[in-house]
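A short worksheet on the structure shown next.
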Amino acid sequence: MKKVKVGIVGLGRLGLQHAKNLAFRIPHCELTAVCSVIEEEVNEVMQKWNIPFGYTNYEDMLKNKELDAIFIASPSGYHCKQINQALEAGFHVFSEKPLGLYMEEALEVQTAVEAHPDQVFMLGFMRRYDRSYAAAKQKIDAGEIGQPVLIRCYGLDPANKMDSFLKFAKANYSGGLFLDMAIHDFDLARWYLGAEPEEIWAIGGSYARPEFDEIQDAETGAAMVRFDNNTTGIFVAGRNCAHGYHIETEIIGTKGTLRIGTVPERNQIVIMKEEGAIQECVDGFLERFEQAYLSEVEEFINCILEKRKPEVTVKDGVESTKLAYACKKSFETKTLINVKEESVAYN
């Protein structure tokens with residue numbers, strides 16, 4: 001079977017992990033080109049892994065006719081433009097979330113994807129490919145908890161990562177708490193509930209670090225969402241979790257409740273000593289979702305080889321961005337947001 005030749009843009013923390021997966025862990029895939037604005041990153045990866053092509057200019061990489069697909073792991077603000085360029089150049093495209101930082105550009109990407117029906121496009125909502133989250137979806141669809149009526153999501157980043165995040169955010173790469181972090185939970189809510197949002201109320205603030213006020217973002221925030229089938233979503237996101245990286249999801253149904261990740265345990269070890277019974281927690285998203293990041297890219301490569309489309313679509317990206325952007329607006333304006341009215345304004 002032929003190998004899919006991939007070029008990746010972005011070699012930061014997540015981009016480098018994706019690059020390793022593409023280069024060494026996915027059958028029928030070859031990492032053929034790497035691109036970063038930091039020349040040292042390009043040279044290091046090329047030399048260590050024997051990658052034939054390296055670029056510091058994205059447009060130059062798109063001229064490489066040996067490539068079949070482009071993998072976008074650059075900062076969020078570049079996603080939409082780079083997706084459009086790659087599609088126009090004839091490539092299959094995988095993009096990390098979010099689809100875009102603004103609704104207008106997300107809708108432009110949807111138009112571009114729909115204009116290239118023969119090319120595979122996939123968005124990096126990796127939690128759908130995590131074994132626990134995928135199993136939860138199967139149990140919900142099988143009716144094991146009855147009709148889902150409420151979803152509660154916690155997405156909390158480690159406190160020891162706040163300095164690096166603030167540096168990232170001040171460079172205007174983030175998009176804010178709801179677009180950058182909670183968007184994964186918004187996608188899960190739509191997936192599990194089978195519904196779209198109607199009304200949103202979001203609040204939050206800066207507590208340990210006043211710098212979040214300076215960039216008009218929340219250190220910790222919460223949103224309550226009413227969906228169009230009268231189900232409810234409660235979302236909490238934060239950057240200041242003392243015990244580590246805590247991702248937790250609960251779905252309450254008419255006949256039962258399902259929880260994922262209640263204790264963010266690193267392993268099955270419990271240490272018992274003077275301080276009590278201690279379990280180590282995972283330290284970040286790369287550790288918690290290592291398998292999911294690999295599985296989603298395997299699916300992307302298989303879709304190209306098998307000439308089929310992935311379950312995650314550009315519409316999922318647009319609708320999750322719509323929800324996240326409405327949360328951002330509610331937080332900034334301190335008002336209840338009607339998503340349908342906002343959608344009319346976008347169109």
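Some points to look at:
- Angle between the chain longest axis and helix 103-114 axis [Cα atoms, degrees, rounded to 10]: 50
- Charge-dipole axis of the chain as Lys and Arg at +1 and Asp and Glu at -1 on Cβ define it, positive-most pick from T232, Y192, Y58: Y192
- Using a probe of 1.4 Å, the accessible surface attributed to Y192 totals some 10 Å² when neighbouring protein chains are kept in position.
- Helix 39-49 and the long axis of the chain differ in direction by around 80°, with both axes built from C-alpha atoms.
- Applying 0.36 nm per residue to the separation of K137 and T257 and subtracting their alpha-carbon distance, the gain on full extension is 41.9 nm.
- Cα centroid separation - segment 137-187 against segment 260-274, whole Å: 22
- In this view, the solvent-accessible surface of F121, computed with a 1.4 Å probe and all protein chains in place, comes to about 10 Å².
- Surface listing: I51, I203, I278 arranged by accessible area from highest to lowest gives I203, I278, I51, probe 1.4 Å.
- Note on segment 80-132 and segment 1-44: Cα centroid distance 18 Å, given to the nearest whole angstrom.
- The string of couplings for segment 250-264 from the Karplus curve (6.51, -1.76, 1.60, θ = phi - 60°) is 10, 10, 9, x, 6, 10, x, 10, 10, 10, 10, x, 4, 10, x Hz, one whole number per residue in order, with x for Gly and Pro.
- Packing-based ranking of 102-114, 311-323, 124-136 yields 311-323, 124-136, 102-114, ordered from highest to lowest mean Cβ neighbour count within 10 Å.
- Within the accessible surface of the chain, defined with a 1.4 Å probe on protein heavy atoms only, the carbon and sulfur portion equals 50 percent.
- For the chain, a Gaussian network of Cα nodes joined below 10 Å ranks P52, P310, P264 by mean-square fluctuation, and the top entry is P52.
- Listed candidates [x] 153; [y] 222; [z] 131 - label of the one calculated as volume of the Cα convex hull per residue in Å³: [x]
- 1.4 Å probe accessible area per residue over the chain, in Å²: 46
- Helix 183-193 axis versus longest C-alpha principal axis of the chain: approximately 70°, rounded to the nearest ten.
- Of all DSSP bridge pairs formed entirely within the chain, close to 55 percent run antiparallel.
- For K315, the lysines whose Cα falls under 23 Å of its own Cα, not counting residues fewer than eight places away in the same chain, are K81, K97, K137, K307, K328, K329, K340.
The values are calculated or read from the model by the stated rules, or taken from the named source; none is laboratory data. As the structure is a computational prediction, the values presented were derived from the model and not from experiment. Reconstructed Cβ throughout: ideal geometry from the backbone, glycine too, with neighbour counts over all protein chains shown. Ligands, DNA and RNA are stripped out before the accessible areas are found, and what is left, the full protein with its side chains, is counted by its heavy atoms. Shrake-Rupley method; radii C 1.70, N 1.55, O 1.52, S 1.80 Å.
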